[in-house]
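The values are calculated or read from the model by the stated rules, or taken from the named source; none is laboratory data. Just so it is clear, the structure is predicted and the values come from calculations on it, not from any experiment. Ideal geometry is used to build each Cβ from the backbone, glycine not excepted, and the neighbour counts take in all protein chains shown. Heads up: the accessible areas ignore ligands, DNA and RNA and are worked out on the full protein's heavy atoms, side chains in. Shrake-Rupley method; radii C 1.70, N 1.55, O 1.52, S 1.80 Å.
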Amino acid sequence: MRTKDIKLIIDKDLDRNKDIKNHLFFCIFRFGNSFINGNTIFDRICSIPFRIIMKLTYNKYNHIPLETNIGGVRIPHLLGIVLSGKASIGEQCTIMHQVTIGVDELKNNKAPVIGNNVFIGAGAKIIGNITVGNNVVIGAGAIVTKSVPDGKTVVGINRIIEQSNG
């Protein structure tokens, strides 16, 4: 990925995330992510400083590997977020604090795929080889271990309800 492309992605991230404290996180994450996903030894070597910075700063209270495929995301409170490096998160998603998106190590060691325009409430846990559709709301404290169709709301433990229109 070219520097110009990374800058464009970072600009979008900074637009979505008004909290100045998160701006540095997105810059470090996007540049580190671009090197991690590169194919050359040069890319791998260049990723090392970004891994170190993440480990000493943001991943002190979170676990957000540079390998995680994150589209355009908004993170209002960067605290206690745990993401699998195998997870995929779509565009225009909001992830609140204390969220876990992880693999199911007991079954198949695969991570969730999160669609576009998904809101994930504080303390939600999304685990396993599942797909969360587009325009989904996952309530605070929800536990999601089954796939969720587009436009639904999830509360409690895998309880899918119709999304209200107003």
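General remarks:
Yes/no per residue for (1) under 20 Å from CYS93 (Cβ atoms); (2) touching a Lys or Arg at 6+ places or on another chain (Cβ under 6 Å); (3) at pLDDT 85 or above:
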site: ILE10; (1), (2), (3): yes, yes, yes
site: ASP13; (1), (2), (3): yes, no, yes
site: ASP19; (1), (2), (3): yes, no, no
site: ARG30; (1), (2), (3): yes, no, yes
site: ASN33; (1), (2), (3): yes, no, yes
site: ILE41; (1), (2), (3): no, no, yes
site: CYS46; (1), (2), (3): no, no, yes
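- For ILE161, the requirement of being open to solvent by 40 Å² or more (accessible area, probe 1.4 Å) and assigned to a strand (DSSP E or B) is met.
- Qualifying residue in the range 43-59 (condition: surrounded by 14 or more Cβ atoms within 10 Å (Cβ to Cβ), among the small types (Gly, Ala, Ser), within 26 Å of LYS110 (Cβ to Cβ) and without any contact (Cβ under 8 Å) to a residue 24 or more places away in the chain): yes
- Failed item in (1) at positive phi; (2) open to solvent by 40 Å² or more (accessible area, probe 1.4 Å); (3) not polar (S, T, N, Q), with HIS63 passing the rest: (1)
- Among residues of the range 62-96, those that are assigned to a loop (DSSP other than H, G, I, E, B), of a type in the set (Lys, Arg) and within 19 Å of LYS21 (Cβ to Cβ), counted: 0
- ALA142 vs. criteria within 24 Å of ASP19 (Cα to Cα), of a type in the set (Gly, Ala, Ser), at pLDDT 95 or above and buried (at least 18 other Cβ atoms within 10 Å of the Cβ): no
- Summed over the range 16-39, the residues that are touching a helix residue (DSSP H, G or I) at 6+ places or on another chain (Cβ under 9 Å) and in a loop (DSSP other than H, G, I, E, B) give a count of 3.
- Looking across the range 17-40, the residues that are under 21 Å from ASP5 (Cα atoms) and β-branched (Val, Ile, Thr) come down to ILE28, ILE36, THR40.
- Qualifying position, being open to solvent by less than 50 Å² (accessible area, probe 1.4 Å), closer than 30 Å to PRO149 by Cβ, more than 11 Å from the chain's Cα centre (by Cα) and touching a residue at least 12 places away in the same chain (Cβ under 8 Å), among VAL99, VAL103: VAL103
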